[in-house]
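I have placed the structure first, in the form of structure tokens, so that the comments after it can refer back to it.
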Ligand code: M6R
């Protein structure tokens, strides 16, 4: 989950590489670096610890003024070796070859031992350095750089997206991928590579998405691609629908803030052409969806992080509303635990990026365990590894999400899942026409309801100030609101570094209530549903232990306010589908404003990356 950019152009590529890296910082920002081939045919490198702006500053200094028409660049999320200059990419072997890498080479220790025996010297603690040495070694017996990279990659176990340049082949850039994303940008004045098309939008809108195991040779005028078996192949060139503006801040202070406020539109876009006046269009899941949904006996959902929390809400919906059995598990556990997958299972993956390594591997594992299952993904990225590996795809139309903390991806995933639950219920006749109509009407109200919930911001800004010196917080809810509490706690911990836990409100008495005193704020979600009275009793139990409480309630819930308890009416008259989506909004705003109070880096919180393409 690092970011790669590279290019061969008719102009100096430094500014293209730096701009591309900035657009990829969501993938990691521990350190960054670049290499260009200078006119004298040497590899000129600059590296800096921290964000890309540090590299940019370094390149302005006299000593580091470099330029070149071919180069590779990298922004790092450290896996092997601390964030430092020596561990920053690109890595170079014997002044002859330079490499940027996204992924993990799992057999790097074996390779390192044998390379050391052959006299190679190591200057970093990374797994990537073995790649540079392996390619250098293969170059001795190869006629082209492409051949050398092919031979070297054949010795790697693990995942890689690679960009490679060598002064011996001054007109060529080699790119290859396996298990990590890599796209080729086809431009008028050059050809480029990147981990994500967003990095290249200022130079091109034409992209080739490499398949697993593909290797590409880029020159100024040509892109030639070979598949894993070494056969030359044609891959389609696709025109991106994204534009540069979508990935800029506009009037907002942070991407997270912008993305929170984009939710009404993101939900509208996700619903567009997927519903009619009274119905959900099952074909939104693909032409084969109706036939597949008919025979499904149970659903298995797999995801990570926020996407997992969305799946948890859907588990309630599947069983409660559509009466279809549903299990959910985090991908990092599922992929390693030899699960049982019955015939008639719909295997649903949820992923904003579509590149999360754990989710992708869980999908591959599931298909190996039982080849008869059907697979469906809910994803925000059309050309991702997970969409390509799934039989049915539903694209959330949230637009690019840059802030590391997921917001609009989550609410649009919930919309997608609501459509899925309804489509399956209708197909299996567990949801009748009247219920379907009610769900569709609820979904249509969502953009307006989200707007209303966003209006609570001023009040939430005041509440956020109370978290300034807090180190722990508890989030509680019942039913789907337990999943929303989990999402609220995840948001708070990842961007404000406050330890936060979520519990089903009825579970507190089995242990966690011992934690409660005046130092731990408790955030509760109180929709007006059949569990409201039970929740009210739970709130009393918490209150009598002296906690400071914030309750986000439905206007009709009438939670009685007490000393040290703020009750914030968010909205009213919500249904089982709309309620979890709407109660998410105040929790997003709360974590955002607590992070501002704490002064953390909201869009790039420490130790995290947007897209986790490593184990
Ligand atoms: O791209 P994905 O939805 O597969 O990503 C899964 C998680 O890594 C992601 O949701 C993560 O938990 C977010 N940072 C949460 O805000």
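Each value in this text was obtained by applying a stated rule to the coordinates, not by laboratory testing. Since the model is a prediction, treat every value here as computed from it, not as a measurement. Here the Cβ positions follow ideal geometry from the backbone for every residue, glycine too, while neighbour counts run over all protein chains shown.
Annotations
- Degrees separating the helix 408-427 axis from the principal Cα axis of the chain, which is the longest one: 70
- The three principal axes of the Cα atoms in the stretch 64-190 give end-to-end lengths of 43, 34, 32 Å, sorted in falling order.
- An ellipsoid equivalent to the chain, defined through the eigenvalues of its Cα gyration tensor, has semi-axes of 45, 28, 21 Å when rounded to whole angstrom and sorted largest first.
- Take the Cα of residue 333, step 7 Å toward its Cβ, do the same at residue 451, and the gap between the two points is 4.1 nm.
- A Förster distance of 35 Å, applied to the separation of the beta-carbon atoms of residue 368 and residue 232, puts the FRET efficiency at 0.75.
- In nm, spacing of pseudo-spin labels at residue 291 and residue 458 (7 Å Cα→C-beta vector): 5.7
- Between 0 and 90°, nearest 10: helix 532-543 axis offset from the chain longest Cα axis: 80
- Taking the average, over residues, of other Cβ atoms within 10 Å as the packing measure, peptides 73-84, 480-491 rank 480-491, 73-84 from highest down.
- Span per principal axis, largest first, for the Cα atoms of the stretch 272-362 (Å): 42, 28, 25
- Residues 268, 478, sorted so that the one with the fewest Cβ neighbours within 10 Å comes first: 268, 478
- For the stretch 1-88, a/c is not less than 1.5, where a ≥ b ≥ c are the root eigenvalues of the C-alpha gyration tensor, and a/b tops b/c. That puts it in the prolate class.
- One quarter of the convex hull surface built on the alpha carbon atoms of the stretch 255-454 amounts to 10.1 nm², the projected area averaged over directions.
- 14 Å reach of a label modelled at residue 471, 7 Å along Cα-to-Cβ, counting backbone N of the stretch 559-600: none
- Rounded to 10°, Cα long-axis angle of helix 480-496 versus longest principal axis of the chain: 50
- Label-to-label distance, nm, for residues given as residue 151 and residue 10 (7 Å Cα→Cβ offset): 3.6
- Full extension of the chain between residue 560 and residue 276 yields a length gain of 98.2 nm, computed as 0.36 nm times the residue separation minus the alpha carbon distance.
- Cβ crowding within 10 Å, taken as a proxy for footprinting-reagent exposure, orders 358, 556 from fewest neighbours to most as 556, 358.
- Diffusion coefficient of the stretch 194-293 by Stokes-Einstein, Kirkwood radius over Cα pairs, 4 °C, 1.567 mPa s: 73 µm²/s.
- Cα principal axis extents for the stretch 3-239, largest first, Å: 45, 44, 34
- With the helix formula -39500 (n - 2.57) applied to DSSP H stretches of n ≥ 4, the chain reaches a computed 222 nm mean residue ellipticity of -10500 deg cm²/dmol.
- For residue 224 and residue 544, a Förster radius of 60 Å and the Cβ-Cβ distance give a FRET efficiency of 0.25, rounded to the nearest 0.05.
- Take each peptide in 232-241, 562-571, count the other Cβ atoms within 10 Å of every residue, and average; sorted highest first, the result is 562-571, 232-241.
- Relative exposure of 593, 338, judged by other C-beta atoms within 10 Å (fewest first): 338, 593
- For the chain, the antiparallel share of DSSP beta bridges with both residues in that region comes to about 60%.
- Its Cα gyration tensor gives the stretch 459-508 an equivalent ellipsoid, and the semi-axes of that ellipsoid, as √(5λ) in whole Å with the largest first, are 20, 11, 10.
- Listed peptides 461-473, 542-554 by packing density, highest first (mean Cβ within 10 Å): 542-554, 461-473
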